[in-house]
Structures are given as structure tokens and as C-alpha cells.
Amino acid sequence: MSITPVVAAGDLCLPSIGLLADDLLQAFAAGDVVRLDLSAVAAPDLSVVQLVESARRSARDDGRDFALTAPVGAPFRALLARAGFTPASDDDAAFWFHGDSAQ
């Protein structure tokens with residue numbers, strides 16, 4: 001089993017989200033296990049959450065293994081709170097926070 005990594009960085013937002021979408025599509029085409037690294041994303045916007053949630057659901061529906069490499073940091077935690085993802089369901093907490101408290 002090989003893991004296909006996808007790394008996102010910088011100010012990831014609507015004008016640049018297409019690049020991450022392309023990277024995720026290529027990663028899913030390459031194999032069944034994809035790991036997304038969001039640790040270097042400084043200023044995410046809601047388009048990132050929407051894309052990652054879409055990828056997460058598509059992976060689940062296709063029986064693929066998709067996860068984050070690490071729990072999201074403060075910028076994502078704040079964004080997820082504003083977007084209504086916290087308090088998180090058990091599945092959301094496992095995915096976004098690796099089971100840690102969303103607080």
C-alpha cells in the first residue's frame with residue numbers, strides 16, 4: 001500500500017483552490033490512500049473547508065482512505081468554528097482534530 005501525499009501551503013483561498021483540487025484529483029487517481037497536509041496553510045477560507053469536505057465524502061463513498069497528516073492548527077480551528085463545524089461530531093473530530101477537542 002502506497003500513500004500519496006498532498007501538501008497545501010500559503011494563503012489558500014478561492015482564487016487558488018483550483019490548484020489543490022487538481023492535486024487531490026491526481027492523488028486519488030494514483031491510489032487508494034491519500035494524506036493531506038494543511039499545516040503550512042496560513043490563511044484558509046471557506047473554499048478550503050468545502051473542498052476538503054467534498055474530497056472526504058467522495059473518498060468515503062469510493063472506499064478510499066483519506067485523512068489529514070496532522071490535526072488542523074489555529075487558523076483552521078477558527079475557520080471551522082465560524083463555519084459551524086464545532087462542536088464537532090465524532091467523525092468530524094476524528095478527521096479535522098484527530099480526535100482532540102475542537103476547543
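The values are calculated or read from the model by the stated rules, or taken from the named source; none is laboratory data. This is a predicted model, so every value here is computed, not measured. To get the accessible areas, we keep the full protein, side chains included, count just its heavy atoms, and leave off ligands, DNA and RNA. Shrake-Rupley method; radii C 1.70, N 1.55, O 1.52, S 1.80 Å.
On the full set of protein chains, 1.4 Å probe, figure out the accessible area of R35 and give it in Å² to the nearest 10.
It works out to around 60 Å².
Can you tell me the convex hull volume per residue for the chain, based on C-alpha atoms, in Å³ to the nearest whole number?
Given the Cα convex hull of the chain, per-residue volume reads 90 Å³.
Accessible area per residue for region 17-94 in Å², computed with a 1.4 Å probe and the full protein assembly in place, what is it?
Solvent-accessible surface per residue comes out at 51 Å².
Normalise the Debye intensity by I(0) for region 55-103, one equal point scatterer per Cα, no solvent, then take log10 at q = 0.14, 0.32 Å⁻¹ and round to two decimals.
-0.34, -1.21
Counting only helical runs of four or more DSSP H residues, what would the 222 nm mean residue ellipticity of the chain come to if each run contributes -39,500 (n - 2.57) and the total is spread over all its residues?
After summing the helix terms and dividing by residue count, I get -14500 deg cm²/dmol.
Taking Cα pairs under 8 Å and at least six residues apart, what relative contact order does the chain come out at, in percent?
It comes to 26 percent, rounded to a whole number.
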